[in-house]
Structure formats: structure tokens, C-alpha cells
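Asker: The structure follows.
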Amino acid sequence: MNALVATNRNFKLAARLLGLDSKLEKSLLIPFREIKVECTIPKDDGTLATFVGFRIQHDNARGPMKGGIRYHPEVDPDEVNALAQLMTWKTAVANIPYGGAKGGIGCNPGELSKSELERLTRVFTQKIHDLIGIHTDVPAPDMGTGPQTMAWILDEYSKFHGHSPAVVTGKPIDLGGSLGRDAATGRGVLFATEALLNEHGKSISGQKFVIQGFGNVGSWAAQLIHEKGGKVVALSDITGAIKNSNGIDIPSLLKHVKENKGIKGFHGGDSIDPKSVLVEDCDILIPAALGGVINR
């Protein structure tokens, strides 16, 4: 089932439970604006490369639209549409005065140099600068992007509109970013897990965890769970997967990942097939990579 079909199904179920008017239901499903742009950049070797960028602005009824920008080979309009819609419901449920949006570029950031990524980000910003803004639509980091990407967007946007630090969130602290933003999503995973365990009279300490994904979210979740006494017994990222039934030494792994750009080659556990990480024995499974991984 594709991401948009799944999201629409969940929304329709919620609409029925709320007794929403069918006209309202229809208008809430259709995005406010869909943007699709061609981004052509010179690569470091002098050849030209073309990528397709998307920004879906779903709803601004409650305030400026808000949502991440992801760089990933599987970025497509349906996925971005689903994620934009989810941002609308998320900001509403959390009662934050924002709407929902999402964006992305279909590319493999691992195969692009830093200067190529900068050129790509700046071209994308040039194409959408008049459709984003402090009171319109505020991008944020997502998969494959981070504070550096936000800094490039902010700088490029400011060329057209003057210095506007509030046009993106998740930017570096030096440019007006928020303290704690880096860990925020992973910390949210910790809080949600604690809330769930509390309902069953349990705590993080002593529980066995498996985490799929060791990017910003997975690595922070692992670190914070480890600090609370949880035992992370298996982990995976795009480079490989490891397990250690006695618990993986997370601080050592973080150091290894920083130096080697991935889990692969870490000696504090046995190497396993990344596909099997979702079915490893544990108390709590945290999927912190792509969506749609839990199937029948």
C-alpha cells in the first residue's frame, strides 16, 4: 500500500469517528498547492545532472505551513503528499499554530559531494523562494538533510528577501537555531516509549530495544534510551546491522559511526542481515528509518 493511500485511509477513518461533513472531508484531503521543479546543477566533474524537487503545501488554515525537506532516492509526489498531510494533522493535534507541508528532492545524498549538495539546495531554493516564507511555509530538516542544508536555504532565500532567519527551523545555533533541536525528535521517541511503558507499569530500564535506522532520530533515541538504562540489542543503518544480546555499547558505536560514516565494521556486536533487524527478539521495536516497513 503506498503512503498516500494509507494516510487517506486513516484520515477517512478519523473523519467517520468525528462525524465530519463529506464536503469538509474532501477539501481537507486535497492539498492547497503542489510544486514540482526541475533542478539542474553542474557536477564537480563538469557534467550536468538533473533532479526533480517537490514541495507540497497541504493546509494553512491554522497558520504558516510547516514541514521537512528530505533528500532520498525514493522521494515521489505521493510520499511527499502523504507526509504533508500528516504534518497538518500533527500540528493540529499538538495544538501548534501551523499548517502542514513537506518537500524533497529525488537524489542519493551519499553519492553527491558537499559542494554538489550545496548547489542543488540553492537551485531548489531559487525555484521555490517566492512560495515559502516566514508567514507562508517554513521548511525543516528531514531524512538526508540537516542544519547545513537549512543554512544554505536560509542564505539563498535571504538573497531575494533580505536576512530572514525564521524561514527555516533546524538551522545551526549560530544562525539563530534552537538549542536541543538536534535531539528533539529522538527525545520524542523516548517520551512516547516512556508513556507507553508507564501504562503497563514498566520503565525504560532493563527493557530490550531494537532500533532500525541510525540517522538523527535513531542515534539520539539509542543514546537517550542507553542513558536511561535500556538495553539496545540490535541496530541497523544503510551500511549494515549488528546485534549483541548483552546490549550494544552506544557511546562507542556513536564514535565509530562518526569516524566511519556508518555502523559497518563496528566490533561491539555480531554482524547480521539488515532485513532481519525487524524480527529480532526484543521488548520494544523502534522503526526509525523509512515509513511503511511494518507489513503483515
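The values are calculated or read from the model by the stated rules, or taken from the named source; none is laboratory data. On a predicted model such as this, the values are computed, not experimentally measured, just so you know. No Cβ is skipped: glycine too gets one built from the backbone with ideal geometry, and neighbour counts run over all protein chains shown. Surface accessibility is based on the protein's heavy atoms, side chains included, excluding ligands, DNA and RNA. Shrake-Rupley method; radii C 1.70, N 1.55, O 1.52, S 1.80 Å.
Asker: How much accessible area per residue does region 183-287 have, in Å², with a 1.4 Å probe? Please report the intermediate quantities before stating the final value.
Answerer: Numbers: 5600 Å² over 105 residues.
On a per-residue basis, region 183-287 sits at 53 Å².
Asker: Cut-off under 18 Å on the C-alpha distance; same-chain residues fewer than 8 positions from Lys231 excluded. Which aspartates and glutamates are left, in chain and number order?
Answerer: Glu194, Asp249, Asp270, Glu280, Asp281, Asp283
Asker: When the accessible area of the chain is computed with all protein chains present and a 1.4 Å probe, what percentage of it is carbon and sulfur? Before the final figure, lay out each step's value.
Answerer: Working: 8490 of 15600 Å².
For the chain, the apolar C and S fraction of the accessible surface comes to 54 percent.
Asker: Taking a point 7 angstrom from the Cα of Arg296 along the C-beta vector, which residues in region 1-42 have backbone N less than 12 Å away?
Answerer: In region 1-42, the label zone of Arg296 (backbone N under 12 Å from the point 7 Å along Cα→Cβ) covers 1.
Asker: Efficiency by 1/(1 + (r/R0)^6): what FRET value for Ile238 and Leu285, r their Cβ-Cβ distance, R0 = 25 Å, to the nearest 0.05?
Answerer: 0.85
Asker: How do 183-191, 164-172 rank on mean C-beta neighbours within 10 Å, highest first?
Answerer: 164-172, 183-191
Asker: What is the extension gain from Ile134 to Asp78, computed as 0.36 nm multiplied by their sequence separation minus the C-alpha to C-alpha distance, in nm to one decimal?
Answerer: Taking 0.36 nm per residue and subtracting the Cα distance, the gain is 17.6 nm.
Asker: Restricting to bridges with both residues inside the chain, how much of the DSSP beta-bridge set is antiparallel, in percent to the nearest 5?
Answerer: Numbers: 24 of 44 bridges.
Roughly 55 percent of the beta bridges in the chain run antiparallel, per DSSP.
Asker: Given a 1.4 angstrom probe, what's the average accessible area per residue across region 76-162, in square angstrom?
Answerer: Heavy-atom accessible area per residue stands at 41 Å².
Asker: Quick one: which of Lys90/Lys127; Lys12/Lys114; Lys43/Lys243; Lys208/Lys264 span more than 32 angstrom between C-alpha atoms? Before the final figure, lay out the partial values.
Answerer: Values: Lys90/Lys127 27 Å; Lys12/Lys114 42 Å; Lys43/Lys243 39 Å; Lys208/Lys264 22 Å.
Going by Cα-Cα distance, Lys12/Lys114; Lys43/Lys243 fall outside the 32 Å limit.
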